[in-house]
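Okay, structure first, notes after.
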Amino acid sequence: QVRLVESGGGLVQAGGSLRLSCVASGTIFSTSVMGWYRQAPGNQRELVATITTYGITNYADSVKGRFTISTDNAKNTVYLQMNSLKPEDTGVYLCNARLKRLQLARPSDYWGQGTQVTVSS
């Protein structure tokens, strides 16, 4: 089994910062992409940021210049540094990993349970 566990969420005032972490554990042969998505009440899940094992990043336009995604590939860990937070950043932040459990297996997507981020105005 593969397990993704997020941490670092919480309540912060607008303009503040938070750092999210996500650790992937279990039987993992290789990871191609890790990322963060968020879901606010009544809204669809949306991409926040992704990063490949080669360090290629992709950000939602709404977070560019404020959020930074990074990884520690040796630890199968992905981070999201969130600065200049806005109330509209509020939501459940979910970690995603696209990985292969075995060398000959096809890549599959795995999700964490999510961590709540609340930004007050």
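The values are calculated or read from the model by the stated rules, or taken from the named source; none is laboratory data. No experiment lies behind these values; they were computed from the predicted model shown. Using ideal geometry, Cβ is built from the backbone for each residue, glycine included, and neighbour counts are taken over all protein chains shown. Ligands, DNA and RNA are stripped out before the accessible areas are found, and what is left, the full protein with its side chains, is counted by its heavy atoms. Shrake-Rupley method; radii C 1.70, N 1.55, O 1.52, S 1.80 Å.
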Within the stretch 66-89, track down each residue that is within 15 Å of GLN39 (Cβ to Cβ), over 12 Å from the mean Cα position of the chain (by Cα) and surrounded by 18 or more Cβ atoms within 10 Å (Cβ to Cβ). ASP89
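Take the conditions in contact with a helix residue (DSSP H, G or I) (Cβ under 8 Å, 6 or more places away or on another chain), of a type in the set (A, V, I, L, M, F, W, C) and either assigned to a helix (DSSP H, G or I) or surrounded by 15 or more Cβ atoms within 10 Å (Cβ to Cβ) (or both) and apply them to VAL117. Does it pass?
Numbers: in contact with a helix residue (DSSP H, G or I) (Cβ under 8 Å, 6 or more places away or on another chain): yes; of a type in the set (A, V, I, L, M, F, W, C): yes; either assigned to a helix (DSSP H, G or I) or surrounded by 15 or more Cβ atoms within 10 Å (Cβ to Cβ) (or both): yes.
The answer is yes for VAL117.
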Search result, residues across the stretch 82-109 that are in contact with a Lys or Arg (Cβ under 8 Å, 6 or more places away or on another chain) and of a type outside the set (Lys, Arg): MET82, ASN83, SER84, LEU85, ASP89, GLY91, VAL92, TYR93, LEU94, PRO107, SER108, ASP109
Do we have any residue at all in the stretch 33-55 that's in contact with a Lys or Arg (Cβ under 9 Å, 6 or more places away or on another chain), polar (S, T, N, Q) and open to solvent by 40 Å² or more (accessible area, probe 1.4 Å)? yes
Kindly provide the set of residues from the stretch 65-102 that are among the polar types (S, T, N, Q), in contact with a strand residue (DSSP E or B) (Cβ under 8 Å, 6 or more places away or on another chain) and in a loop (DSSP other than H, G, I, E, B), ordered by number. ASN76, ASN83, THR90
Here are VAL12, VAL48, VAL23: which of them is in contact with a strand residue (DSSP E or B) (Cβ under 6 Å, 6 or more places away or on another chain), assigned to a strand (DSSP E or B) and over 19 Å from VAL119 (Cβ atoms)? VAL23
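Being polar (S, T, N, Q) and part of a loop (DSSP other than H, G, I, E, B) is the filter here; which residues of the stretch 26-45 pass it?
If we filter the stretch 26-45 for residues that are polar (S, T, N, Q), which is where we start, we get 27, 30-32, 39, 43-44.
Correct list: THR27, ASN43, GLN44.
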Which numbered condition VAL63 misses (of (1) within 15 Å of the chain's Cα centre (by Cα); (2) open to solvent by 10 Å² or more (accessible area, probe 1.4 Å); (3) of a type outside the set (Lys, Arg)): (2)
